[in-house]
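The values are calculated or read from the model by the stated rules, or taken from the named source; none is laboratory data. Computed from a predicted model, the values in this text were never measured in an experiment. Protein only, heavy atoms only, side chains kept; ligands, DNA and RNA dropped before computing areas. Shrake-Rupley method; radii C 1.70, N 1.55, O 1.52, S 1.80 Å.
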Amino acid sequence: MSLAAYGQAIGREVRADEVQSVLNELMAANVVMRRGHGLYGLIDPFVQEIWLERNARMLPPGGNA
């Protein structure tokens, strides 16, 4: 997702340093891990399952955002 998309979702401009700061905190808490340049994944399968369920409920019919 791009910074512009994040900004649109929350209704304000989002800076790259804000995103990086949050990612660093999530990595320090062992919630996410870096899989590659710009690629992150959830470590805890329970958190991933909850996120996927929540995300699926928020999608419009047909599953396309």
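Per residue, the convex hull spanned by the Cα atoms of the chain amounts to 109 cubic angstrom.
Ranking E49, E18 from most to least accessible surface, computed with a 1.4 Å probe over the protein chains only, gives E49, E18. The mean accessible area for residues of the chain, using a 1.4 Å probe and ignoring ligands and nucleic acids, is 84 Å² per residue.
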